[in-house]
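Colleague: Pasting a structure here, questions to come.
Just so you know, all these numbers are worked out from the coordinates, no wet-lab data involved. Small disclaimer: the values here were computed from a predicted structure and weren't measured. All Cβ positions, glycine included, derive from the backbone under ideal geometry; neighbour counts span all protein chains shown.
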């Protein structure tokens, strides 16, 4: 088969695979090498009958030396030109869009000379035979790494580019500032030689990896950037924040700049990746906080060049992630935005608050702003399933995701973090692994752990309903409070109450009653029942005599608790939530402001707030009305006191058989806290004497406990009751 016959075999049928495309271009490169060799040696050899028409190995130079006249001229050939453009077209789909990586690079802002440079440089990297071929053709003057030179590409191009076009392309191809020099080929020391023909055409590492594996390795951009994982099988009816998602999708490719604003972890990158996937594009995230630390103008420009190349050829949309305080890196953000705006068709900005207009310069009018709201319970269910799917995990069939999202209100970022950690703990295998409830909730608590500093202390929640001995009415209200947390997704989303409750979706509980009636234990039982962490807020650290400091400290507490799903327990809360008074002095004014601020923060908090107080008289009617539950914990009745005495001693405690808990309950009208304290005192007294607990030990302990409240001689009444009997 001659060279011309080979050209006729190139049909217009699109390439099926990148491998088929590479083989076709390798054959075309071989043909150009044969023609150039024939011109240099005085004859015009064609391709012989060999599989694939491609020579390889040690026979390369021998084949180049085989004479066989095939083409009439050594300059422009219409057949070769048509074949070149036919091969370019075979890399496009029905809509004339490039399909494979090589096609996308060839369809960038390149001349035919530069296109040929990419093709020959890439094929020479894939097969080391070209090192010998180029040496033979160029009289042993090869470029770096055995790659072609600008001069060699110019010589090859004469066979299929008309002379007038070739002269024009030479004027701007492979010059400093051109697309190929900036984004595709490595900068060489010989770039600025007078003729420029000796310059080696060596592909950048990111370009090589893109042509090889279909995606660029972030050579210059690491560690400032990363590529978002590909979102597969985007189902519109299942996507979270559907309306916001549709807005992003509409403007993504129609707006020069799209700004997504919302809290940290609200899902800006996830929603953007889902929308980009529908256009078969990928999101590359540039962490501006880290990128601002890049030193040197040359390094900065190199990084931006790589980002521009990925946008132009790899279907990437750059996402400038502006986390934290934007003012801290405003200068670098302004420079980056301007460079990208001048050369990239679509840019996305991610920020918690809107980017100031002075950073955007004169381009602020081109910015389309979309605010990302908080996720609903249904959105969170979708995210849990998506995160599990991406990690090769699955939930058990009987797992109630509705209860999970009711108990733990979490943003998309936190959900993916928890599932990633869960996958690391339980491990992955070739098939789906079920997520255990205990493992998942343990990871949730770890992820949501908060750092309050000196303002709060984490309480251990091991008490259960059996330990809490309060009235049936109070216990029923406390159980209702637990259900309020457990089923809020059902009521808010399924029943539609979220439209009626624009704020105040958290649960606020006031536990009031005399000291020692079990307010702290009730809060711990609630935390244990729901599987939530509970923190006691230290009011001595929060309260301040200085104007505005109390509000500042409270704001810090609630900021730390945000997204923690923790129960905030304010013990002796009446010191803060005191009854608002008429303003007769500046002190009254500021005290009322503190209380109002506190009410506002409680209503904004999506978790559970528990307030314990001994005196309800300090709370006004307006305050009580804004609380979800008001639960009274009264002094225990006699029957309750009997159960408290029976339960207070552990099973291993030695107790004299003569002790009758009914007598203790009848005579000593103690609270649960006082009963526990007396029991411990009696136990220590008995232990010091090396015997079981006797009545004498309890007489002693009762007197000590009674003395705390000014009740004297209580042990005498108890002795008399022991002698006379319970009646």
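Colleague: Please report the orientation-averaged projected area of the stretch 212-306, defined via the convex hull of its C-alpha atoms, in nm². Intermediate results must be reported in sequence, preceding the final value.
Modeller: Working: hull surface 30.2 nm².
Taking a quarter of the hull surface, the average projection is 7.5 nm².
Colleague: Then there's this: One quarter of the convex hull surface, Cα atoms only: what value does that give for the stretch 462-553 in nm²?
Modeller: Details: hull surface 33.9 nm².
Computing the convex hull of the Cα atoms and averaging its projections yields 8.5 nm².
Colleague: Quick one: which of 347-358, 489-500, 521-532 comes out on top by average Cβ neighbours within 10 Å, and what's the full order, highest first? Could the numbers behind the result be given before it?
Modeller: On the way: 347-358: 17.9, 489-500: 14.2, 521-532: 22.2.
Peptide ranking by packing, descending: 521-532, 347-358, 489-500.
Colleague: Can you sort 486, 34 so the residue with the fewest Cβ neighbours within 10 Å comes first? Present the calculation step by step, with values, prior to reporting the outcome.
Modeller: Numbers: 486 16, 34 26.
With the fewest neighbours first, 486, 34 line up as 486, 34.
Colleague: Enter the angle in degrees (range 0 to 90, nearest 10) between the Cα long axis of helix 638-648 and the first principal axis of the Cα atoms of the chain, meaning the one along which they spread out most.
Modeller: Taking the Cα atoms of the chain, the angle to 638-648 is about 60 degrees.
Colleague: Just how far, in whole angstrom, is the stretch 362-383 from the stretch 617-660 if you go by their alpha carbon centroids?
Modeller: Centre-to-centre (Cα) distance: 49 Å.
Colleague: Report, in whole Å, the centroid distance computed from the Cα atoms of the stretch 456-480 and the stretch 209-224.
Modeller: What the calculation gives is 56 Å, centre to centre.
Colleague: Then there's this: From Cα coordinates alone, what are the radius of gyration and Dmax values for the stretch 459-632 in angstrom?
Modeller: 16.1, 49
Colleague: What relative contact order, as a whole-number percentage, does the chain give when Cα pairs under 8 Å and 6 or more residues apart are counted?
Modeller: Values: 1079 pairs, mean separation 59.3, N = 727.
RCO, the chain: 8 percent.
Colleague: Let me have the relative contact order for the stretch 225-371, percent, based on Cα pairs under 8 Å that are six or more residues apart. Each step should come with its number before you reach the end.
Modeller: Working: 210 pairs, mean separation 52.6, N = 147.
Relative contact order for the stretch 225-371 comes out at 36 percent.
Colleague: Here is a further query. Using the Kirkwood radius built from alpha carbon pairs, what does the Stokes-Einstein equation give as D for the stretch 273-393 at 4 °C and 1.567 mPa s, in µm² per second?
Modeller: In µm²/s, the coefficient rounds to 81.
Colleague: Using the number of other C-beta atoms within 10 angstrom as an exposure proxy, rank 219, 240 with the fewest first.
Modeller: Ascending number of Cβ neighbours within 10 Å: 219, 240.
Colleague: Could the peptides 627-636, 326-335, 120-129 be put in order, highest first, of the mean number of other beta-carbon atoms found within 10 Å of their residues?
Modeller: Details: 627-636: 18.1, 326-335: 16.2, 120-129: 20.0.
In descending order of packing, they fall as 120-129, 627-636, 326-335.
Colleague: Angle check, please: helix 437-448 long axis (alpha carbons) against the longest principal axis of the chain (alpha carbons), in degrees 0 to 90, nearest 10.
Modeller: On a 0 to 90 degree scale, this one is about 90.
Colleague: Ranked by Cβ crowding within 10 angstrom, fewest neighbours first, how are 25, 321 ordered?
Modeller: Numbers: 25 24, 321 21.
Least crowded to most crowded, the residues run 321, 25.
Colleague: Give, to the nearest whole percent, the P(r) tail of the stretch 638-724 beyond 17 angstrom, counting all Cα pairs. Show your work: numbers first, answer last.
Modeller: Working: 1566 of 3741 pairs.
In whole percent, the long-distance tail amounts to 42.
Colleague: If you don't mind, another one. According to a simple spin-label model (label point 7 Å from Cα along Cα-to-Cβ), what is the distance in nm between residue 625 and residue 371?
Modeller: Here the answer is 2.8 nm between the modelled labels.
Colleague: Nearest-5 percent of antiparallel DSSP beta bridges in the chain? Don't skip to the end; give the middle numbers.
Modeller: Values: 10 of 51 bridges.
Of all bridge pairs located within the chain, approximately 20 percent are antiparallel.
Colleague: For Rg and Dmax of the Cα atoms in Å, the choices are (1) 38.6, 135; (2) 58.5, 191; (3) 35.7, 115; which was calculated from the structure?
Modeller: Of the labelled values, this structure produces (1).
Colleague: I've got another one for you. Compute the angle between helix 586-604 and the longest alpha-carbon principal axis of the chain, please, reported from 0 to 90 degrees and rounded to the nearest 10.
Modeller: 60
Colleague: A follow-up question, please. Could you work out the relative contact order of the stretch 377-448, using alpha carbon pairs under 8 angstrom and six or more residues apart, expressed as a whole percent?
Modeller: Numbers: 65 pairs, mean separation 30.1, N = 72.
Over the stretch 377-448, the number comes to 42 percent.
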